[in-house]
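Reading through the structure tokens given below for one structure.
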Amino acid sequence: MSSYGQYPELLISLARRDADSYSVESRFTAPGADAEVEQEPGSVTFDFDALEGTYYEDEHYGALLTQSLFADDNLRASFSSASNLAEYRTLPLRLRLFIDTDAPELQSLRWETLRDPRDSHDGRRLLAGERILFSRYLRSPEWRFIQPRPQAELRALVVVANPADLANWAPEGTPLQAIDAAAELDRARSGLGTIPVTALANPGEATVSKLCDHLRSGTYDILYLVCHGALSRDGRPRLFLENEQGNVAAVDGERLADELSPLWAPPTLVVLASCQSAGSGGKGALTAFGPRLARAAIPAVLAMQGMLTVETSDRFMRRFFAELGIDGQIDRAVAVARWEVRDRPDAWVPVLFTRLRGGCIWSAPSNGSSEQQFERWDAVITSIREGRCTPILGPGLLEFLRGSQRDLAKRWADSFRFPMSPYDRDNLPQVAQYLAISVAQGDPEFPRAKLEEYLIQEMRERFGQQLPEGLSNAPLEALFKEVGRQHREQDETEVHRVLAHLPLPIYMTTNPDNLLAEALLAEGKAPVVELCRWKEDDVDWPPSIYEQEPDYEPTPERPLVYHLFGHMKWRDTIVLTEDDYFDYLVGCPATRTSFHRKCALPGPDPRSSSWASRWMTGISACYSAVS
């Protein structure tokens, strides 16, 4: 789901013009329009001393800031036209504010207090409610593709830092107060609703290394961080996290952004519930932190630009996540949550930084209404209970180990100077074909060897500090086994762990790892690994269970794990290049195996007119998922 292009959008850009003024530009896009409307650049000034004097007078501050911003006639006209068009079409106006990096002082202004410039009395809040969806828009040099996951798959990592020696730190002259970690964790769980939560809230857990290890070893869509914060003397934001002893570790905000930057799958949303953000109640603490997180590939940041009271936090967060669950629109959820706390003096504190054009954190199902999707669950659960469900595991389950297959294809394309168009550089079968033919002079084993080398390197880099002594140079299968074990133990919702717990006799996977088999073993089961024998020549196939036990029947206690595209333990069984996929499509119907007969799966039967279409449909779907 994405609302990009469905809402009218007004982008206001501010940049330094000279020592005393700023240039202001506006760009309007109507829903479905191919062209943008741009006004002539104007100039505005801000009386920082006057704003400072009314900092805690919400209404007066907002009125003064509104008068300063909309003093430019062109901007006022643009906003009026955009608002009128949105109201005529009964649509919300998506209002984005972009502040150039040469004017960081503007980030510390309380833009969330703006009043409606069309209101002559300067009294009506502009940014509360669903009529205006406001965010501070960020640009980023990050090229990584942002792919929202389905709503049902969202997961959150909640980190609560309550160092034992907080009272020894007084960044504003007053010692920092202890944080009630249990209460904050309960508040976060309550606000997140049905989203599964992994928590780091015990003493010594809220460290930078443990935070990054969890983000690296699992796919989390939301990072919810509760801690004290302050500005350093040079104006840099600091977060008071913990060291391994449970005492204060004052972490530079830029360092934290740098730690998050190398993650293959960073959170889509970071919530910074800072209990105390900086000098004088938090002014300026987010001057640079939001943009730095954007440069670290974080698409959206909901942060506190001052001290947020417990009551406001409770009401705001609860409503924010409830609204987020409706359509995934972050800016709409913030707007409604701000309306929920409009009577509170600190309603302006939450601020949304984002570089998402569509503003959506999760994707909707591609077919059927939400009611239809929900109605199917009863049938699915019944099938699982009766052992009539066959899970098919896709390549996305391995992204926490080695990133996406698109990333691997692009890396190989760059390393080996792939000569095709940019649109083909993320097509792994095509890039692997190039490696086999052009780089290795027709050796099909070369890309498979490079794949094994890549997987080993990635796991050592991502999990090297977590691996027991002696495993740092272990072979690939041992690395799979250990990393999978740690991942299952750290997260009770880990996919392989959940699947292994189900009473199912058959599992199918497109992945070449042993994670599922190891998870089944950990559940006390005895899995049997079988491979789809897609090619007879030049492949040293392991013995089939049906050769050893012709009467083998899959059961929940002794389930069958069927690898569609090979297994890294037998490297030449991997389906990787384009030639491999063509051989796969041709070779799979070559013989009707005992596996197909026993498990009632589509196999080649010339008497069946429906077999070919069913088999090719399934294989085509798997090919599409992998390529």
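The values are calculated or read from the model by the stated rules, or taken from the named source; none is laboratory data. None of the values given here were measured: they were computed from a predicted structure. Don't worry about glycine lacking a Cβ; one is built from the backbone with ideal geometry, like all the others, and counts go over all protein chains shown.
Among what's in the stretch 401-448 and is aromatic (Phe, Trp, Tyr) and in contact with a helix residue (DSSP H, G or I) (Cβ under 9 Å, 6 or more places away or on another chain), pick the residue that is nearest to Tyr220 (Cα to Cα). Within the stretch 401-448, the match that is nearest to Tyr220 (Cα to Cα) is Trp412. Just so you know, in the stretch 325-352 the residues that are part of a strand (DSSP E or B) and crowded, with 24+ Cβ neighbours inside 10 Å include one that is nearest to the chain's Cα centre (by Cα), and it is Gln329.
Any chance the stretch 30-42 includes a residue that's in contact with a strand residue (DSSP E or B) (Cβ under 6 Å, 6 or more places away or on another chain), at pLDDT 90 or above and polar (S, T, N, Q)? No, every residue in the stretch 30-42 fails to be in contact with a strand residue (DSSP E or B) (Cβ under 6 Å, 6 or more places away or on another chain), at pLDDT 90 or above and polar (S, T, N, Q). Against the conditions (1) within 28 Å of Arg315 (Cβ to Cβ); (2) over 18 Å from the mean Cα position of the chain (by Cα); (3) among the small types (Gly, Ala, Ser), Ala167 satisfies every one except (1). For first residues located in the stretch 552-566 and closer than 14 Å to Glu523 by Cα and touching a residue at least 24 places away in the same chain (Cβ under 8 Å), partners that are among the β-branched types (Val, Ile, Thr) and part of a loop (DSSP other than H, G, I, E, B) and lie 6+ apart or on another chain with Cβ distances below 6 Å do not occur. When every residue of the stretch 265-278 is checked against the conditions, at least one turns out to be crowded, with 19+ Cβ neighbours inside 10 Å, at pLDDT 85 or above, assigned to a loop (DSSP other than H, G, I, E, B) and of a type in the set (Val, Ile, Thr). The numbered conditions (1) surrounded by fewer than 19 Cβ atoms within 10 Å (Cβ to Cβ); (2) modelled with pLDDT under 90 are all true for Asp165 except (2). In the stretch 305-316, the residue that is surrounded by the most Cβ atoms within 10 Å (Cβ to Cβ) out of those that are closer than 19 Å to Leu239 by Cβ and in contact (Cβ under 8 Å) with a residue 60 or more places away in the chain is Gln305. Got at least one residue in the stretch 82-92 being within 21 Å of Arg17 (Cα to Cα) and part of a loop (DSSP other than H, G, I, E, B)? No, that holds for no residue.
May I ask you to list the residues in the stretch 48-70 that are out of contact with any Leu (no Cβ under 7 Å at 6 or more places or on another chain), modelled with pLDDT of 85 or more and surrounded by fewer than 17 Cβ atoms within 10 Å (Cβ to Cβ)? Scanning the stretch 48-70 gives Phe48, Asp49, Glu52, Gly53, Glu59, His60, Gln67.
Just checking, which of Phe79, Phe48 is in contact (Cβ under 8 Å) with a residue 60 or more places away in the chain and not assigned by TED's automatic domain parsing to the domain that holds Pro345?
Working: Phe48 fails: in contact (Cβ under 8 Å) with a residue 60 or more places away in the chain.
Among Phe79, Phe48, only Phe79 is in contact (Cβ under 8 Å) with a residue 60 or more places away in the chain and not assigned by TED's automatic domain parsing to the domain that holds Pro345.
Of the residues making up the stretch 481-498, those that are free of Cβ contacts under 8 Å to residues at least 40 places away in the same chain and assigned to a helix (DSSP H, G or I) are Lys481, Glu482, Gly484, Arg485, Arg488, Glu489, Arg497, Val498. Please determine whether any residue of the stretch 56-73 is part of a helix (DSSP H, G or I), over 22 Å from Pro345 (Cβ atoms), in contact with a Gly (Cβ under 8 Å, 6 or more places away or on another chain) and not assigned by TED's automatic domain parsing to the domain that holds Ala297. The answer is yes; a qualifying residue exists. Picking from residues in the stretch 33-47 that are surrounded by fewer than 16 Cβ atoms within 10 Å (Cβ to Cβ) and more than 37 Å from the chain's Cα centre (by Cα), the one that is farthest from Trp348 (Cα to Cα) is Glu40.
Right, Arg76: at pLDDT 90 or above, in a helix (DSSP H, G or I) and among the charged types (D, E, K, R) or not?
Values: at pLDDT 90 or above: yes; in a helix (DSSP H, G or I): yes; among the charged types (D, E, K, R): yes.
So Arg76 passes the test.
Of the residues examined, Leu451 is not one that is in a helix (DSSP H, G or I), buried (at least 19 other Cβ atoms within 10 Å of the Cβ) and either touching a helix residue (DSSP H, G or I) at 6+ places or on another chain (Cβ under 7 Å) or assigned by TED's automatic domain parsing to the domain that holds Arg216 (or both).
Out of the residues in the stretch 503-548 that are free of Cβ contacts under 8 Å to residues at least 12 places away in the same chain and either in a loop (DSSP other than H, G, I, E, B) or of a type in the set (D, E, K, R) (or both), which is surrounded by the most Cβ atoms within 10 Å (Cβ to Cβ)? Full working, then the answer.
Step one: filter the stretch 503-548 for residues free of Cβ contacts under 8 Å to residues at least 12 places away in the same chain, giving 521, 524, 537, 543, 547-548.
So of that shortlist, the ones also either in a loop (DSSP other than H, G, I, E, B) or of a type in the set (D, E, K, R) (or both) come out as 524, 537, 543, 547.
Details: Gly524: 8, Asp537: 6, Pro543: 7, Glu547: 11.
Only one residue tops the list, namely Glu547.
Taking residues in the stretch 432-447 that are assigned to a loop (DSSP other than H, G, I, E, B), and partners anywhere that are at pLDDT 90 or above, the pairs with Cβ atoms closer than 8 Å and at least 6 places apart or on different chains are Ala440/Phe446; Ala440/Pro447; Gly442/Ala436; Asp443/Ala436; Pro444/Ala436; Pro444/Thr577; Pro444/Asp579; Pro444/Asp580.
Of all residues in the stretch 374-408, which are outside any helix (DSSP H, G or I) and either modelled with pLDDT under 80 or within 16 Å of the chain's Cα centre (by Cα) (or both)? Within the stretch 374-408, Arg376, Gly403, Ser404 meet the criteria.
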